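The values are calculated or read from the model by the stated rules, or taken from the named source; none is laboratory data. In this text the structure is predicted, and so the values were computed from the model without any measurement. For neighbour counting, all protein chains shown are included, and Cβ atoms are generated from backbone atoms with ideal geometry for every residue, glycine included. Remember, those area values only see protein heavy atoms, side chains included, never the ligands or the DNA or RNA. Shrake-Rupley method; radii C 1.70, N 1.55, O 1.52, S 1.80 Å.
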Amino acid sequence: MTDKIEIRISGLGGQGVVLAGQVLGKAAVCSGKNAVQTQSYGAEARGSAAKSEVIISDDKIGFPMVRKCDILIAMSQEAVEKNVKDLKEGGLFLIDTTTVKNVPKTKARIFKIPATETSTKVLGEKLYANMIMLGALVKITGMVNEESMEKVISNTFPEKFVSINIEAYKKGKELARILFP
Amino acid sequence: MRIAQPNTYFWQGNEACVEGAIASGCRFFAGYPITPASEISEHMAKRLPRISGIAIQMEDELASIGAIIGASWAGAKAMTATSGPGFSLMQEFIGYAFMTETPCVIVNVQRTGPSTGQATKCGQGDVMQSRWGTHGDYSAIVLSPNSVQEMFTLTVRAFNLAEKYRTPVILLSDETITHMREQITVPPLDTVKIINRKKPRAGETAFFGLEVIPPMPAVDEGFNVAVTGSTHDEYGIRFTADPVVHKKLVERLNNKIRNHTEEISDFEHYNIENCQIGIISYGCTSRAVHEAVEKAEAKGVKTGYIRLKTIWPFPEKTVRKLAEKADKIIVPELNLGQICYEVERASKGLAKIIPLNKIGGGELITPEELLAKILKEAEKND
């Protein structure tokens, strides 16, 4: 049995789904795993469908795209409609409830997280929702070391944005702890 | 930080390309941003000025390649990076670099064409263009990386081949490989083999002939150098009507590459001695192969593959060896069929060549699709 986890983070351009994937992949590599992160977005800078995929494995990774995901993070209604069919039975389905209103029936385990709303209320802007979702993911799965994640956030973002992104990440962990004890 | 410290990183392919170039000694970059190669310009602009190098954004792609040719004659190792539309614009100057024997590296990150096509989506439609895009009798060296690690190592190799053979070298990558992030190990710099162009001794005057790969002076080193894209003799003197001078020059330029095919060729292979079905792939498409082959073998189909790291010059002898063993060779490509014809030519009817093509939307050929093709072809008796 090989330990291989395939994750898709989907939403709209501008929500930071690509960045969230990068941070997750980097954290996995820092903890000694193999990781590949790919992305897909439209020609527009904002507003079109965007996704970021991360494969984390103990073995060498061949095909870099996610075909069936173990974990799906959806940050827009369109992302849900488009991607839910690729989620494995019994997989984890993390939903931003601020941006997704209709949750379809699936055989996945659903985690509803008010990420964008929390970002706006607590941090003043909606753009930290990606780190909130990432925090929730780490808390729910324990897939990467919580501290190494913080370290990666601090050396990925420009200095003046480090603390607010770490705050968002911690907020995500806290939300998950309260909502899914 | 002068050169990236030896370590394991989680880099994007485009970033690894820049670091490979810098490790090779590249200190001049000129480019015009274009998806999916823009990050190369971006990183070069960040990195080169800090290590006494120069990164310029030019007015277009013609000027970009013109600038690197000039920089190379000023003695620098120089590179440009672009994608399909820009690569089309660079074709004339690629011929000029070839004719004037100017070492330089041109990175083409392939996206979906023709024309503007799908700017953010992966494709492999420029394979034949990379070989035949410029006019006249020409031989190309074209490398094809398939991982972030190879974006580093093959960029180093591109510079080494350019310097060794005094010719432009094309690094033909694609959107998938350059935009994805993977772990990459940067080796200690003293373990990276670096080749530098041969310099003339004082008093030498023949920079375009007497030897197969002549020495190259830089401007301001005290040599009289005439550089021209017109037919010229060993000393750079133009002969625009003489058939003998032209034949001698252009045959030498082509032969210095063609006669070194074995040395330039680089590929990875698996089970080619004992397979019923062979697969020949390169770049992003090759990432589906190993999984498909393992699954085919589990179902009892003897399968092997060649993965081309050098596309041009084409490794005819190696492909022929595979054709002697395999009944069929499947050639997966993200285009409507390009290398499959070269495989067909090289295999001389010894194996049946089966193209497997996909275009548009940046969707790769999946291991499942390739496996289905392998199983179908293994079953069919034709």
Would you please name the GluC sites (Glu not before Pro) within segment A:117-181 that are DSSP coil residues with at most 12 other C-beta atoms within 10 Å of their C-beta?
A:E125
Karplus-derived 3J(HN,Hα) from phi for segment B:324-334 (6.51 cos²θ - 1.76 cosθ + 1.60, θ = phi - 60°), whole Hz, x at Gly and Pro, runs 5, 8, 7, 6, 9, 10, 8, 10, x, 8, 8
Normalise the Debye intensity by I(0) for the protein assembly as shown, one equal point scatterer per Cα, no solvent, then take log10 at q = 0.07, 0.08 Å⁻¹ and round to two decimals.
-0.45, -0.58
Give me the lysines in straight-line cross-link reach of A:K171: C-alpha distance below 17 Å, same-chain residues under 8 apart excluded.
A:K112, A:K121, A:K126, A:K139, A:K151
When the helices in chain B are scored as -39500 (n - 2.57) per DSSP H run of 4 or longer and the sum is shared across all residues, what 222 nm value do you end up with, to the nearest 500 deg cm²/dmol?
-11000 deg cm²/dmol
Table column - 3J(HN,Hα) (Hz), segment B:265-280, Karplus curve with 6.51, -1.76, 1.60, x for Gly and Pro
4, 8, 7, 10, 9, 8, 6, 7, 7, 9, 9, 8, 10, x, 10, 10
How well do other chains shield peptide B:207-217, expressed as the mean number of their Cβ atoms within 10 Å of each residue Cβ?
0
Residues B:E294 and A:E125, FRET efficiency given R0 of 30 Å [Cβ-Cβ distance, rounded to 0.05]:
0.05
Förster-model FRET efficiency, 51 Å R0, B:L350 and A:S148, C-beta, rounded to 0.05:
0.45
Report the residue, chosen from B:M128, B:M79, B:M90, that carries the largest GNM mean-square fluctuation when chain B is represented by alpha-carbon nodes joined by springs under 10 Å.
B:M128
Candidates B:V219, B:V331, B:V109: whichever shows maximal mean-square fluctuation once chain B is modelled as a Gaussian network with Cα springs under 10 Å
B:V219
Kindly rank B:221-228, A:17-24 from highest to lowest mean number of other beta carbons found within 10 Å of each residue.
A:17-24, B:221-228
A drop of at least 10 square angstrom in accessible area, chain alone versus all protein chains together, probe 1.4 Å. Which residues of segment B:259-293 meet that?
B:R287, B:E291
Calculated diffusion of chain A, Stokes-Einstein form, Kirkwood radius summed over Cα pairs, 20 °C and 1.002 mPa s, µm²/s
134 µm²/s
Looking only at trypsin sites (Lys or Arg not before Pro) in DSSP loops with at most 12 other Cβ atoms within 10 Å, what is the longest site-free stretch of chain B?
B:3-192
Mean-square fluctuation maximum in Gaussian network of chain B, Cα pairs under 10 Å, restricted to B:A81, B:A158, B:A45, hits B:A45
Nonlocal amide H pairs with B:K352, under 5 Å, H built at 1.01 Å:
B:K328, B:I329
Please list, or write none, the aspartates and glutamates whose alpha carbon is within less than 18 Å of the alpha carbon of B:K46, excluding same-chain residues fewer than 8 places away.
A:E159, B:E15, B:E19
Calculate the all-directions average of the projected area of segment B:7-191's alpha-carbon convex hull, and give it in nm².
9.3 nm²
Zone reached by a paramagnetic label modelled 7 Å from B:R320 Cα along Cα→Cβ, restricted to segment B:132-150 with backbone N below 20 Å, covers B:140
Sequence neighbours fewer than 8 away in the same chain don't count; with that in mind, list the aspartates and glutamates whose C-alpha is under 19 Å from A:K85.
A:E6, A:E53, A:D70, A:D96, B:E363, B:E368, B:E369
Place a point 7 Å from the Cα of A:E89 along the Cα-to-Cβ direction; which residues of segment A:1-33 have their backbone N under 11 Å from it?
none
Amide H contacts under 5 Å for B:T310, placed H, 5+ residues apart
B:S144, B:D266
Longest exposed-site-free window of chain A, the sites being trypsin sites (Lys or Arg not before Pro) in a DSSP loop that have at most 10 other C-beta atoms within 10 Å
A:108-181
Which GluC sites (Glu not before Pro) does segment B:1-87 hold that lie in a coil by DSSP with at most 13 other beta carbons within 10 Å?
B:E59
With N residues in chain B, Rg(alpha-carbon) / (2.2 N^0.38 Å) equals 1.00
Note to self: C-alpha centroids of segment A:100-134 and segment A:51-76 sit apart, in Å, by 20 Å
HN-Hα couplings for segment B:45-60 via Karplus (6.51, -1.76, 1.60; θ = phi - 60°), in whole Hz with x for Gly/Pro, come out as 5, 6, 8, 4, x, 7, 10, 6, x, 10, 10, 10, 8, 8, 6, 6
Rounded to the nearest 100 Å², what is the buried accessible area between A and B, both sides summed, probe 1.4 Å?
1700 Å²
Mind scanning B:K77/B:K193; A:K107/B:K121; B:K328/B:K376; A:K60/B:K328; B:K193/B:K317; B:K302/B:K380 and naming the pairs with a C-alpha gap bigger than 20 Å?
A:K107/B:K121; A:K60/B:K328; B:K193/B:K317
Around B:Q110, which amide H atoms from residues at least 5 apart in sequence, or from another chain, sit under 5 Å from its own amide H, with H modelled in the peptide plane?
B:S173, B:D174, B:E175
How many angstrom lie between the C-alpha centres of segment B:346-382 and segment B:181-243?
42 Å
Beta bridges by DSSP in segment B:225-382, antiparallel share as percent, to the nearest 5:
25 percent
